[in-house]
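The values are calculated or read from the model by the stated rules, or taken from the named source; none is laboratory data. In this text the structure is predicted, and so the values were computed from the model without any measurement. Because the Cβ atoms are built from the backbone with ideal geometry, glycine has one as well, and the counts that use them run over all protein chains shown.
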Amino acid sequence: MRRKLKCYVAYTTFLYRLLGVVLIPCVFWILCGILLWSGNVGGGQSDNGKIYSFYFTFNAYIVLYELFTDFWVLGGCLSDDGKGLRYFKTSCGGVEVMRGIVSVDLVRRFLYCMVFPGMIFLCTGWKLSFVMGLATYCVIVGVLHGTRHFDGLQRSTGIAILAQAGMVLVNFINVVLVSLAGDGAGTMLAFLTVLYGALAVALSRLMVRRVTARIQGREV
Amino acid sequence: MENNYVLEARGIKKKYKGFALDIPELRIPGGFATALIGENGAGKTTLLNILSGILLQYQGEIRYFDRYTDRDREEIPDVKELIGYTAPGSYYVAQWGMREVEEISELLFRGFHRDRFEQWCRDLEIGAGGWDPKQKVHALSDGNRMKLMIAGVLARDTRLLLMDEPASPLDPLMRDRLCEVIREYLTEGDGQRSVFFSTHNVADMENVTDYAIIMEQGQVVEQGFVEDLKEKYVVVKGDAVNVEKVRDKLFTCSCGQYGFEGVCLAEMLDRLAGCDVSVERPSLTQISVAVMKHYSKAAKG
């Protein structure tokens, strides 16, 4: 893991790490934290509407943020003439280094998707937030499979709009499913957690495989 | 006895829509600078991409250093360590600074030397400061990006440099410096190092070229040591009135109001007897243009 972190740090610029990894998410989380702890979004039944709207706003932000940062750092890395891919292909350590970069990047994305749901859970005890965090991660990684073929911001942005729609739809379905489950809400929550957890692992592994396969000249 | 080819390829075939690379045999002599010459779309970049391992879907076999196969190149780390590659444009990510280029290169190649890289950056006067860790790749000119790639491969312990159009983005002074750098690289290698580069700037690179391979429409149409090629071909000049007598014997012929000039095989000179022509030793540029024109015309029928 240490070497993977080293690869990630070397591959990404200081400005990206400062702004994209630390400052922007931290400012956002602090603002969310203030809002949550101030009591504006509480855990009472009547506050569910507030939580949903707040949560969807957060998700809209995180999907766009993750797609933008992906374009910033790894944009088009799966395209035929991906950034830096030729350099990695002609090196002996290219596969290992790229695997490290993408793995760390996916772990970071996962953590970022789960921080806010964690905060909501701590403040409100709203268990569905974890499922929605996992679902959002799945949508983001699923969409990244597509955007990484494009090295143009315009096309990536077009896909980002689809991602927004996908995220809203998926999380809306989650809310409806848990609501419909009635007394079986706990079972439904567990089922969705397992489902999205498995999907998150599969999509992440496929992403790492695809990037390394590109460097090795094998298509997936 | 060990033969002295740094790279041998057999039956290399790669098809694209409207283009086919077909090279039955290719041998690049070890210890020399070999130029790959050809017009746009001749297949130079495709060939270099295959040899460097960027393009992996192709037919044929490649042997490096008389020892390793192309499969070894992908499986044995030492092989890629020995091969340095520079791309047309730049393969460094645009937002990297020179520091990131250095750090990533160190992770990618065991034989990468930071001190040597920084020294080459200074020597090649990259950007404003030579070595400026914060200098971004996207802020560099095309020529400086090429110099940065050259510094990157020279900072490693390689035995073969594969360079795709290294001279194109460079100014004339830097092209001259590039020739010096290649010559130094070969001299320091004491016969163990080789350079294989593609170029459109044949005249600028001629003084460093030992061996030339000329491609046309996906095929190697001529190859040999430059001195041998200069024996094989001759430049023929004569009065305009004689042009029709010799035209069919020349590879190329350009005719003005007073005279003509063309290139033909030296062995054809006997057939020009009595035509009142003068003969000169050709430059590599003249040979290349003549051969490319000849085969291009032949292909078009």
- Task: Return the pairs, sorted by first residue and then second, in which the second residue is small (Gly, Ala, Ser), the first residue lies in segment B:148-176 and is under 20 Å from residue B:135 (Cβ atoms), the beta carbons are less than 6 Å apart, and the residues are 6+ apart or on different chains.
- Result: B:152/B:105; B:153/B:84; B:169/B:143; B:170/B:143
- Quick one: how many residues across segment A:2-17 are more than 7 Å from chain B (Cβ to nearest Cβ) and under 20 Å from the mean Cα position of the chain (by Cα)? 7
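Residue B:131 - would you say it is surrounded by 21 or more Cβ atoms within 10 Å (Cβ to Cβ), touching a residue at least 24 places away in the same chain (Cβ under 8 Å), in contact with a helix residue (DSSP H, G or I) (Cβ under 9 Å, 6 or more places away or on another chain) and away from chain A (no Cβ under 14 Å)?
no
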- Query: From the list A:115, A:176, A:170, which residue is among the aliphatic types (A, V, I, L, M), under 20 Å from residue A:21 (Cα atoms) and in a helix (DSSP H, G or I)?
  - Reply: A:115
- Note on the structure: Residue count, segment B:67-83, condition more than 9 Å from chain A (Cβ to nearest Cβ) and surrounded by 14 or more Cβ atoms within 10 Å (Cβ to Cβ), comes to 6
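If you take the residues of segment B:84-93 that are facing chain A (nearest Cβ under 7 Å) and farther than 21 Å from residue B:129 by Cβ, which of them is surrounded by the most Cβ atoms within 10 Å (Cβ to Cβ)?
Step one: list which residues in segment B:84-93 are facing chain A (nearest Cβ under 7 Å), which gives B:85, B:87, B:91-93.
Right, trim to farther than 21 Å from residue B:129 by Cβ and you get B:85, B:87, B:91.
Values: B:85: 27, B:87: 24, B:91: 23.
Step by step, filter segment B:84-93, then rank; the result is B:85.
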- Task: Select from segment B:134-149 the residues that are within 14 Å of chain A (Cβ to nearest Cβ), in a helix (DSSP H, G or I) and touching a helix residue (DSSP H, G or I) at 6+ places or on another chain (Cβ under 7 Å) and list them in ascending order.
- Result: B:137, B:145, B:148
- Task: Give B:84, B:53, B:89, B:60 a once-over and let me know the one that is touching a strand residue (DSSP E or B) at 6+ places or on another chain (Cβ under 9 Å), of a type in the set (Gly, Ala, Ser), more than 23 Å from residue A:96 (Cβ to Cβ) and in the same structural domain as residue B:139 (by TED's automatic domain parsing).
- Result: B:60
- Message: Out of B:235, B:246, I need the residue that is in contact (Cβ under 8 Å) with a residue 24 or more places away in the chain, part of a helix (DSSP H, G or I), over 26 Å from residue B:83 (Cα atoms) and not assigned by TED's automatic domain parsing to the domain that holds residue B:65. Which one?
- Response: B:246
- Query: Identify, please: which residue in segment B:94-104 is surrounded by 23 or more Cβ atoms within 10 Å (Cβ to Cβ) and facing another protein chain (nearest Cβ under 8 Å) and is, among those, nearest to residue B:131 (Cα to Cα)?
  - Reply: B:96
- Task: Name the single residue, out of those in segment B:51-82 being part of a helix (DSSP H, G or I) and in contact (Cβ under 8 Å) with a residue 40 or more places away in the chain, that is nearest to residue A:89 (Cα to Cα).
- Result: B:52
- Query: Which members of segment A:171-183 meet the condition of being within 18 Å of the chain's Cα centre (by Cα) and crowded, with 18+ Cβ neighbours inside 10 Å?
  - Reply: A:171, A:174
- Tally, over segment B:181-223, of residues that are among the acidic types (Asp, Glu) and part of a strand (DSSP E or B): 2
- Determine, yes or no, whether residue A:85 is away from chain B (no Cβ under 14 Å) and aliphatic (A, V, I, L, M). no
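Would you say residue B:266 is of a type in the set (A, V, I, L, M) and free of Cβ contacts under 8 Å to residues at least 24 places away in the same chain?
Here the answer is no, as residue B:266 does not meet what is asked.
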- Return the only residue of B:43, B:30 being more than 14 Å from every other protein chain (Cβ to nearest Cβ), of a type outside the set (Val, Ile, Thr) and either closer than 18 Å to residue B:215 by Cβ or in contact with a Pro (Cβ under 7 Å, 6 or more places away or on another chain) (or both). B:43
- Note on the structure: residue B:64: passes all of (1) surrounded by 18 or more Cβ atoms within 10 Å (Cβ to Cβ); (2) more than 11 Å from every other protein chain (Cβ to nearest Cβ); (3) touching a Phe, Trp or Tyr at 6+ places or on another chain (Cβ under 9 Å) but (3)
